[in-house]
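K.L.:
Quick one: the structure is below, and I'll ask about it shortly.
The values are calculated or read from the model by the stated rules, or taken from the named source; none is laboratory data. Keep in mind that what you see is a predicted model, and the values were worked out from it rather than measured. Glycine gets a Cβ as well: all are built from the backbone with ideal geometry, and neighbour counts include every protein chain shown.
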Amino acid sequence: MNRFSRSLRAIALALGVFAPALTARAQQTPEARLDAMTRELEAVKKEVQGLKGGAVKESPMSWLTIGGDFRTRHDKLVAHLPSYTQFLGTFTGAVPNTAAVPAKTIRNDSLFTNRFGLDLKARVAENVTMTTRLLMYKTFGMTTSAPTQAGYFADRSNASGVFDGTRGRIPADNSLLVDQAYASWNSIAGRPVWFSAGRRPSTGGAPGNVRQNFDISGSAGTPALLVDYAFDGFTLGAAPDVDALPGLAAKVCYGRAFEAGYRESGGPSLADTDMLGLALIPYETDDWRVDAQYQRGFGIMDTIPGPNVRANLGDLEEYGLNVMRTVRQVGPGELRLFAAGAMSRALPSGDRYNAGFGTGNPGLMFAGTDQKNNAGYAAYVGTRYDFTKTGTKLGAEYNHGSKYWVTFTPAADDIWTSKLGTRGQVYELYLVQELMSKPVSPRGRAFFRVGWQYYNFDYTQSNSWVGAPQRISSLTAADMQFMAPIKQAYDIYTTFEVRF
């Protein structure tokens, strides 16, 4: 039995702990409860019309819900690079070709982007739904990802471009892409159990939703500190009704990050990269949310998914915990608080593969012939105060990642790089101003958001699991790098957003 099978069996057994509670009163999943409420509302309407002597005709489109969002964003971007030696990716004999790069400042004083999302939800049959999200994200005046894929970070690399898990999440062209498409079977056999398959809702999770100005409830989504990536996969979950633990839910999730394709006998032993996770929400109310997740990537590929993958480096393990709190009636508004922590652990295989890409630096998961299970950690805290009468919201966030911190968040909504994958510190301040107009559509709202981000990098190779991290303050002009190291970066952004 391989490691993947053993982990799957262990997680299945862990989920079995909830089996006794499933015999309790069947508490439906959030999606099932919404469907049930919709049916009950329609029944009440018919009864009222019946009392009035009339008849209610159900709309032929009542099975379909349509919504979406639109955002225009402006960014002013500045960053400072130390002097270093750039590896050019080629060799003359056994000698790498390089170029000396002096310390410099890079900037884009005016980057405009548009993002449009279209949400479709269909009630297919009793307890069966189909959810789809289409997404377009582009830079003004361009139909490529070149303006934001500048080669400074692995998740925003001009070598990789926009890849599977970030399509629609990184500015590219005006194509309307499938960001999510999954079918859900709820209340299986009358129990509070559900199964879901397809392109997962594994982006924009808690607590990152707070600064994005939307709410998350129930068991949907993934922790923002661990996963922000559009996975294809499956989920099996349960939400038993336990009085002492309102909102209790657990789910097993599987996703594929890389498909190796056909393998010939006697050829390279390149394998698929699979992800497996166990998520637990032990407590959730209107004012509290606690969630935890364990996940493991099996056979992590040596570069972004695609034809350039050359080897499987090993496994990557991650653990995370998130606590969110809303305090009502604090002065003229309410206060939101959150704290999240996580740990990552690289588990290299026995291939002794040097992932330094010719830079002379041993890879994170492979330190030459001296393999180590390098562990990293991260912390993420934030607060937001909402003024009830004016619709003004003031927020502040801070996150820190250690030398060997690795996360899987390349689809995060940050221009420079996913801030939660930073090996160093990121500070962010923002203001949201809601337009206090009466909504017409069910989710109708519009608002402006103005924010400031400051990245202070301690080590190179943020958001990468290959290439040994080096302390930036100790870099010299002779230190060879595959990607240009950034010491500090700033982003001042403004958005106008509409949701319907």
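K.L.:
Could you identify the single residue in V193, V178 that is among the hydrophobic types (A, V, I, L, M, F, W, C), touching a helix residue (DSSP H, G or I) at 6+ places or on another chain (Cβ under 9 Å), modelled with pLDDT of 90 or more and over 27 Å from G467 (Cα atoms)?
P.N.:
Numbers: V178 fails: touching a helix residue (DSSP H, G or I) at 6+ places or on another chain (Cβ under 9 Å).
Of the residues listed, the single one that is among the hydrophobic types (A, V, I, L, M, F, W, C), touching a helix residue (DSSP H, G or I) at 6+ places or on another chain (Cβ under 9 Å), modelled with pLDDT of 90 or more and over 27 Å from G467 (Cα atoms) is V193.
K.L.:
Within segment 266-308, restricting attention to residues that are within 17 Å of the chain's Cα centre (by Cα) and not in a strand (DSSP E or B), which residue is surrounded by the fewest Cβ atoms within 10 Å (Cβ to Cβ)?
P.N.:
Selected residue: P305.
K.L.:
Now, a different point. Answer yes if at least one residue in segment 180-197 is β-branched (V, I, T), assigned to a strand (DSSP E or B) and at negative phi, and no otherwise.
P.N.:
Within segment 180-197, one or more residues are β-branched (V, I, T), assigned to a strand (DSSP E or B) and at negative phi.
Listed here are the residues, each with its yes/no results for (1) touching a Leu at 6+ places or on another chain (Cβ under 9 Å); (2) within 30 Å of V440 (Cα to Cα); (3) at pLDDT 95 or above.
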| position | (1), (2), (3) |
| --- | --- |
| R71 | no, yes, yes |
| A79 | no, no, yes |
| T85 | no, no, no |
| T90 | no, no, no |
| L118 | yes, yes, yes |
| K121 | yes, yes, yes |
| V128 | no, yes, yes |
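K.L.:
Quick check: is even one residue across segment 449-460 among the hydroxyl-bearing types (S, T, Y), in contact with a helix residue (DSSP H, G or I) (Cβ under 8 Å, 6 or more places away or on another chain) and surrounded by 24 or more Cβ atoms within 10 Å (Cβ to Cβ)?
P.N.:
Within segment 449-460, the subset among the hydroxyl-bearing types (S, T, Y) is 454-455, 459-460.
So of that shortlist, the ones also in contact with a helix residue (DSSP H, G or I) (Cβ under 8 Å, 6 or more places away or on another chain) come out as 455, 459-460.
Among the residues that remain, those that are also surrounded by 24 or more Cβ atoms within 10 Å (Cβ to Cβ) are: 460.
Yes, the conditions are met somewhere in segment 449-460.
K.L.:
Moving on. With respect to A150, is the statement that it is touching a Lys or Arg at 6+ places or on another chain (Cβ under 8 Å), surrounded by fewer than 21 Cβ atoms within 10 Å (Cβ to Cβ) and either β-branched (V, I, T) or modelled with pLDDT under 95 (or both) true?
P.N.:
Criteria met by A150.
K.L.:
Among the listed residues P240, P246, P223, which satisfies the condition of being in a loop (DSSP other than H, G, I, E, B), within 11 Å of F408 (Cβ to Cβ) and not hydroxyl-bearing (S, T, Y)?
P.N.:
None of the other options fit; the residue is P223.
K.L.:
Among the residues of segment 177-206, count how many are under 24 Å from A257 (Cβ atoms) and either aliphatic (A, V, I, L, M) or surrounded by 18 or more Cβ atoms within 10 Å (Cβ to Cβ) (or both).
P.N.:
20
K.L.:
Go through segment 311-338 and count every residue that is of a type outside the set (G, A, S), assigned to a strand (DSSP E or B) and farther than 16 Å from A257 by Cα. Break it down stepwise before answering.
P.N.:
To start, the set of residues in segment 311-338 that are of a type outside the set (G, A, S) comprises 312-313, 315-319, 321-330, 332, 334-338.
Okay, now just the ones that are also assigned to a strand (DSSP E or B), so 312-313, 315-319, 321-330, 334-338.
Of the ones still in play, those that are also farther than 16 Å from A257 by Cα are 319, 321-330, 334-338.
Adding up the residues that qualify gives 16.
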